[in-house]
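Just below is one structure, and these are the notes that go with it.
The values are calculated or read from the model by the stated rules, or taken from the named source; none is laboratory data. Keep in mind the model is a prediction, meaning the values are calculated, not measured. Cβ sites come from the backbone with ideal geometry, for glycine too, and all protein chains shown count toward neighbours.
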Amino acid sequence: MSTIEITSMVLGVVVVGTLILWLGVAHRLLRIARTKPTIREGLTLPIPDDVLVSIVVPAHNEERVIDKCAHSLRKQSHSNIQMIFVLDRCTDRTLDILQKHASDDDRITLIEIDDCPEDWAGKCNAGKIGAAKAKGDWLLFTDADTEFDHQLIRCAVASATKRKASLLSILSSLTITKNYERIVQPIASTCLLRNFPVDRINSDTRTRPFANGQFLLFKKAAYEAIGGHDSVKDDLLEDIAFAKAIHKSGARVQVLFADGLLKCSMYSTYSAFQNGWKRIYIESCNRRIHKLKQNATTIIITGNILPAVGVAGIIVGLITSPALFWTSIASLLTSAMVVAWLYRINRAPMIFAIFAPIGALVVAKLFRDAARMLERREPVCWGGKQYILEPRQQ
């Protein structure tokens, strides 16, 4: 057997495997689309008017986004809310902006803190301080860079009640306005959800606890039963830690898609984007170096090597085998359509899917850099503090 024939055979096997892989992903996406749980289910569910919801918003130098957040909270159709903004070592105009809101709305409480205990993550410390002032039976922790639809609070409480959830979280609709977001964000988000599929999160039998810190709605009694923020004080992804604690206590965690009712503008610069996702990946991989490296390898294979093999299959197929040629075409077209679909799901223009190989390289590098940070004990910067994270073996 000649070299070209062996090459053709190997390419054929890989191309067929790639086609099967992407058809499987397409089937998975179709199933998710049919059964996708969204917070809009709460629009048709009842909620008593006298239910008090306490909303805690930790804020560290959030002048870019805090005005929009405060406006959206004040406009909630469920008006029986308590808004607690905890200003964590702010040095910008965050306080000035919020004072204007507080002067017009007596439901707002402002708390300023000047320091943070050494063994606490800043956001967790701010959350704990805010929770101590909460009076509602429902306790919502949300980020300053979020924007709420006017129906969101009533939808969330109604859905949590229906689902008997002690913790309800929402996967926000991320705003995508910059080119690096359009290219990289869909890949970054998909990699995270690949490790935490929503049907597994919401399952009663094969649960994989997960929550999104941009929106954490607790029954206050459940929050207090697990020890509140004291139980997650040194976690840089307190959301996942909370989800695990609630699940371990025997209570229920549910996650829904925002479907446009919760929007989030996560990062203002590419540097912040990189640092933020590295932190997310480190904690979502449970600080395991080998898992971070495995994710990087998987992304390179699926996002770069397999498409390259498909192109090679087309070229070799033209010379040796029409079957290889057309299978390679089918494989590349299928992968292109699925990737474009993923970009659309993540609210990025589908045309940017042509840059998916670049996005894959960037995200793989984020995983690799995150692994290196753990190996070298490099500090993670977050919320105005630096943290040296210890890698875990298990």
Review point. Using beta carbons and a limit of 9 Å, which pairs, at least six apart or on different chains, have the first residue in the range 219-246 and of a type in the set (S, T, Y) and the second one in a helix (DSSP H, G or I)?
Key: Y223/A131; Y223/H229; Y223/F242; Y223/I246; S231/A241; S231/F242; S231/A245
Check your understanding: Given the structure, is S79 of a type in the set (S, T, Y) and part of a helix (DSSP H, G or I)?
Key -> no
Review point. Would the range 206-223 turn up any residue that is of a type in the set (D, E, K, R) and modelled with pLDDT under 95?
Key: yes
**Study point:** Residue check for R182: out of contact with any strand residue (DSSP E or B) (no Cβ under 6 Å at 6 or more places or on another chain), modelled with pLDDT under 85 and surrounded by 15 or more Cβ atoms within 10 Å (Cβ to Cβ)
**Key:** no
Check your understanding: Quick one: in the range 278-308, which of the residues that are without any contact (Cβ under 8 Å) to a residue 60 or more places away in the chain and among the aliphatic types (A, V, I, L, M) is nearest to Q386 (Cα to Cα)?
Key -> I301
Practice item. State yes or no: is S8 among the polar types (S, T, N, Q), buried (at least 18 other Cβ atoms within 10 Å of the Cβ) and assigned to a strand (DSSP E or B)? Key: no
Review point. Taking the condition in contact with a strand residue (DSSP E or B) (Cβ under 6 Å, 6 or more places away or on another chain), more than 22 Å from K278 (Cβ to Cβ) and crowded, with 20+ Cβ neighbours inside 10 Å, does I226 pass?
Key: no
Exercise for review: Go through C124, C191, C155 for me and flag whichever is under 23 Å from the mean Cα position of the chain (by Cα), modelled with pLDDT of 95 or more and buried (at least 23 other Cβ atoms within 10 Å of the Cβ).
Suggested key: C155
Review point. Within the range 237-253, can one find any residue that is in a strand (DSSP E or B), touching a helix residue (DSSP H, G or I) at 6+ places or on another chain (Cβ under 9 Å) and modelled with pLDDT of 90 or more?
Key: yes
Review point. Considering the range 335-366 alone, what residues qualify as being part of a helix (DSSP H, G or I) and farther than 27 Å from K293 by Cα?
Key: M337, R344, M350, I351
Revision key, fill the gap. When the range 194-218 is checked residue by residue, the ones that are of a type in the set (D, E, K, R) and either in contact with a Lys or Arg (Cβ under 9 Å, 6 or more places away or on another chain) or surrounded by 22 or more Cβ atoms within 10 Å (Cβ to Cβ) (or both) are D199, R200, D204, R206, R208
Review point. Which of (1) within 28 Å of L256 (Cβ to Cβ); (2) loosely packed, with under 14 Cβ neighbours inside 10 Å is the odd one out, the single condition Q82 does not satisfy?
Key: (2)
Check your understanding: Out of all the residues in the range 120-139, is one or more among the β-branched types (V, I, T) and closer than 21 Å to F242 by Cα?
Key -> yes
Point to revise | Of residues in the range 32-58 being of a type outside the set (G, A, S) and free of Cβ contacts under 8 Å to residues at least 40 places away in the same chain, the one surrounded by the most Cβ atoms within 10 Å (Cβ to Cβ) | key: P48
Exercise for review: Could you list all residues from the range 259-275 that are in a helix (DSSP H, G or I) and touching a residue at least 60 places away in the same chain (Cβ under 8 Å)?
Suggested key: Y270, F273, Q274, N275
Review point. Which of the residues belonging to the range 246-258 are under 14 Å from the mean Cα position of the chain (by Cα) and surrounded by fewer than 21 Cβ atoms within 10 Å (Cβ to Cβ)?
Key: F257
Point to revise | the range 47-63 - residue that is part of a strand (DSSP E or B) and either outside the structural domain of C155 (by TED's automatic domain parsing) or of a type outside the set (A, V, I, L, M) (or both) and, of those, farthest from M83 (Cα to Cα) | key: P58
Review point. Can you tell me which of A272, A243 is within 18 Å of the chain's Cα centre (by Cα) and within 17 Å of F215 (Cα to Cα)?
Key: A243
